[in-house]
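Here's the structure, in structure tokens; my notes come after.
What follows is calculated from the coordinates using simple rules that are stated; it is not laboratory data. In this text the structure is predicted, and so the values were computed from the model without any measurement. FYI the Cβ positions are ideal-geometry reconstructions off the backbone, even for glycines, and counts take in every protein chain you see.
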Amino acid sequence: MTGAAAAHTIGDMTALTVRLGARSYPVVVEAGALAGLGRRVRALGNSRATLVVADGNTARLYGRAAMASLSAAGFHGTLAVLPPGERTKSPGALQYLWSELAEMRAGRDALVVALGGGVVGDLAGFAAATWNRGVDVVQVPTTLLAMVDAAIGGKTGINLPQGKNLVGAFHQPRLVVADLDTLRSLPDREYRAGLAEVVKYGLIGDAALFGALERNVKGILARDAGILGRIVARCAAQKARVVAADEREGGKRMLLNLGHTFGHAVEAGTGYRRYRHGEAVAIGLCAAAVLSERAGVARAGLEARVRALVRACGLPGRAARLDPAALRALAAGDKKARGGAMRYVVCSRVGRAEVRAGLPERAIRAAWEAVVR
């Protein structure tokens, strides 16, 4: 049924379905899932021109396995390798992927496979959305952040100097395959950055998850396989439910942007060089907690609890050497603004969030100052 997300577990595999009518698609969360990538893609349809997009790190670690699995299933594709990092989400990189598709003479039956984190997923997804007015894309997330958030929901895009994700499209994948084994190779900084999105899910709609993070942070940081599998499946299921209920961010889906208005400004203000996306989101979550308290939406204590968990996850709660007024100006073009008025996602308590406009100026100013102090 449209507007819902179904999930079931078989052994160590969790299979979710993002319910979008005729455009519904499965999300598979399983250790070792990469080996079955070709078989799952084969179930989508006949063999066609296939472009596998990865950055230098994921290509080195998983490019051969992905290509071998696809080849065994009858897909003979091209591996396009991009530089790692947020700055790769650019018009130049998009042009490169278009050129690769053109060299392959890829038609409307082409397939793009995004193998990597959120940067690769957003960029490859946008290339698929725009090539021949839209071709299929399969998301194969290899980072925690991508598994719980970026790979699900069809948001694609690139950055401009003026702001993050200003150019993009909604383009749902045909399939998402999340191999939990790939999380073992993540550098510690990248892994911790992904935890920011997990904290966000607890804040917007799952108080029990937030409490579990507080109690089990040591095991989570140690990448305990059992705990991690449950967390990824739980967050992915929440994302699937939200997307099914509000595909194009007309209402409830905007809650997924908690902390992102502040975080995106931090990323743009530092030229996408200083902070990982998840690190910027962590800073934004702390600022959003300040806004929630100062605006009278939440009781005192929310900020302290959020900052404590962010700190326990090894994430920053503030950004250094930035001007709050300049950051706020960067956020003026945020996609949540309507009629020139800025709207913010705030929390009334852990596990409940809402979108608000017309918040007190003093509270908004305090939140932006909290980003850097």
(request) Taking the Cβ of each residue in 24, 90 as the centre, tally the other Cβ atoms inside 10 Å and list the residues starting with the fewest. (result) 24, 90
(request) Please build a GNM for the chain, connecting alpha carbons under 10 Å apart, and tell me which residue among 194, 121, 92 fluctuates the most. (result) 92
(request) Check each of the trypsin sites (Lys or Arg not before Pro) in region 255-294 and keep only those in coil by DSSP with at most 14 other C-beta atoms within 10 angstrom; list them in order. (result) 273
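Relative to the present Cα-Cα distance, how much length would full extension add between residue 218 and residue 373 at 0.36 nm per residue of separation?
53.1 nm is the gain from fully extending residue 218 to residue 373.
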(request) Take every DSSP beta bridge with both residues inside the chain and express the antiparallel ones as a percent of the total, to the nearest 5. (result) 50
(message) Using each residue's phi in region 235-248, evaluate 6.51 cos²θ - 1.76 cosθ + 1.60 at θ = phi - 60° and report the 3J(HN,Hα) Karplus result to the nearest Hz, with x for Gly and Pro.
(response) 5, 4, 5, 5, 4, 4, 5, 5, 5, 4, 7, 8, 4, 10
(request) Provide the per-residue ³J(HN,Hα) series for region 21-34, in order, calculated from phi with Karplus coefficients 6.51, -1.76, 1.60 and θ = phi - 60°, each as a whole number of Hz, with x at glycine and proline positions. (result) x, 5, 9, 4, 8, x, 10, 9, 10, 6, 5, x, 5, 4
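Which of 218/252; 89/200; 218/239; 155/239 have a Cα-Cα distance over 20 Å?
On the way: 218/252 32 Å; 89/200 23 Å; 218/239 25 Å; 155/239 12 Å.
Exceeds cut-off: 218/252; 89/200; 218/239.
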(message) For region 50-109, which trypsin sites (Lys or Arg not before Pro) pass both filters: DSSP loop (anything but H, G, I, E, B) and at most 11 other C-beta atoms within 10 Å?
(response) 105, 108
(request) Order by neighbour count: 206, 188, 55, 122, fewest other Cβ atoms within 10 Å first, most last. (result) 188, 206, 55, 122
(message) I want the local charge near residue 245. Using Cβ-Cβ distances under 10 Å, sum +1 for each Lys or Arg and -1 for each Asp or Glu among the other residues.
(response) +2
(request) Along Cα→Cβ, 7 Å out, is where each label goes; now give me the distance between the ones at residue 43 and residue 274 in nm to one decimal. (result) 4.6
(request) Based on other C-beta atoms within 10 Å, arrange 152, 158, 227 from fewest to most. (result) 227, 158, 152
(message) Which of the three applies to region 5-185, rounded, prolate or oblate, going by the alpha-carbon gyration tensor with a ≥ b ≥ c and a/c under 1.5 meaning rounded?
(response) rounded
